[in-house]
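Notes for the one structure printed next.
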Amino acid sequence: MLDFCSHRWTLLVAMILVCLTLFASLLIQWPSLPLKITSIVKTEVISMNINVTTVLVWYWPFGVKSSVDGNVCWERFSIPDCKLVDDRSMFSQADFVVFHNRELMSGQQSLPVTLPRPQGQRWVWFSLESPENNGNVKPYAGHFNYTMSYRRDADFYTPYGSLVPQDFHTGMTAEDFAPKKKTSLACWVVSNFLAHHKRTAVYNRLKTIIPVNVYGAAVNKRLDGKVMLDTISQCYFYLSFENSIFKDYITEKLWYNGFMGGAVPVVLGPPREQYEAVAPKDSFIHVDDFPTLEELGEFLKRLAEDKKRYASYFNWKRKYTVKRFDGDGERFCKICPKVSSLPKHKVYDELYTWEWQ
């Protein structure tokens, strides 16, 4: 019994000694532990910040400012790791700087060429105007790395609108979506009515074939924004005529006035295939589909009488809703998700050539 107790006592003493040794070792290393922990946390924070892309809007298009308070790209558009700013004092910290062409063209703003440009900072030329309305862009050769435009081949494609897939309940037909109250055959809202525009010649001929209700500044018959869509919805057809015809130049005249207005758009602009790249082919009528304007006019009159066929032009509403892009900063936040796929050493030495091609 004594030997057994002695053996147990020896084991207990040995265990105590081992514990004391480990504890002493920890005490020796303890001062450096907080430093190691702090170092790890700091490294992780730095790593996260490196992945944040800062986009500086040098000036807001047409002076219409959008709020950049808080984490706007994430909170409003669910775009992570993206910081949108408009404070020019952050120029040296910006990864991208966006310049709107209209203010450059008018002389209201100028490029900050006298400031030291940080290595790796990229400049974005932004315009939603057609080339003939952009002024002379030749002086900007060599300054810009990327383009932001309605053009589908731009580095940042920013259309006037788009169709967004929508999961509607099954069983609904095109007739359910076609507006019922129609009092006019065709209508047109126009503010820029110039003799050299192709749309002016088309309208002048078309109005002799079918009745067209015209509104807007051009005829001193303005429509308040609150009633414009309701007015258009009472027309069977809306003349979505662009003021100039260029590659991919499809504006709010299709997306907002036509589609959202509830009238079938009759489009005049780029070729049909460019419209079909962004909208279903049976959602609009193209002026070029007809050899003569007389045939177009007669087709519209017959179509308005055929309720079922007319309703078929609203089939797209069974699958899509219209998203309109306004000056809310979303297009600038959308730069961030594309960063990893962009060519890193791109420069537009001939911006004019790209624009007019």
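The values are calculated or read from the model by the stated rules, or taken from the named source; none is laboratory data. If you're wondering where the values come from, they're calculated on a predicted model, not measured in any experiment. Cβ: placed from backbone, ideal geometry, glycine included. Neighbour counts: every protein chain shown.
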How many of the residues making up region 270-300 are under 18 Å from Val189 (Cβ atoms), out of contact with any helix residue (DSSP H, G or I) (no Cβ under 7 Å at 6 or more places or on another chain) and not in a helix (DSSP H, G or I)? 1
Looking only at residues in region 214-245 that are crowded, with 20+ Cβ neighbours inside 10 Å and not polar (S, T, N, Q), which one is nearest to Glu132 (Cα to Cα)? Phe241
Give region 81-110 a look and list any residue that's free of Cβ contacts under 8 Å to residues at least 40 places away in the same chain and either touching a helix residue (DSSP H, G or I) at 6+ places or on another chain (Cβ under 6 Å) or of a type in the set (Ser, Thr, Tyr) (or both), or say none. Ser89, Ser92, Ser106, Ser110
Residue check, Tyr150 buried (at least 21 other Cβ atoms within 10 Å of the Cβ) and either under 19 Å from Trp60 (Cα atoms) or touching a Leu at 6+ places or on another chain (Cβ under 8 Å) (or both): yes
Search region 115-147 for residues being among the small types (Gly, Ala, Ser) and in contact with a helix residue (DSSP H, G or I) (Cβ under 7 Å, 6 or more places away or on another chain), and hand back the single one that is surrounded by the fewest Cβ atoms within 10 Å (Cβ to Cβ). Ala141
Checking Lys307 against (1) under 28 Å from the mean Cα position of the chain (by Cα); (2) modelled with pLDDT under 95, which single condition isn't satisfied? (1)
Would you check which residues across region 176-232 are at pLDDT below 90 and part of a helix (DSSP H, G or I) and list them? Asp176, Phe177, Ala217, Ala218, Val219, Gly225, Lys226
Out of region 145-175, which residues are outside any loop (DSSP other than H, G, I, E, B) and more than 29 Å from the chain's Cα centre (by Cα)? Glu175
Scanning region 244-273 for residues that are in contact (Cβ under 8 Å) with a residue 40 or more places away in the chain and not aliphatic (A, V, I, L, M) gives Ser244, Phe246, Lys247, Asp248, Tyr249, Thr251, Glu252, Trp255, Tyr256, Asn257, Phe259, Gly262
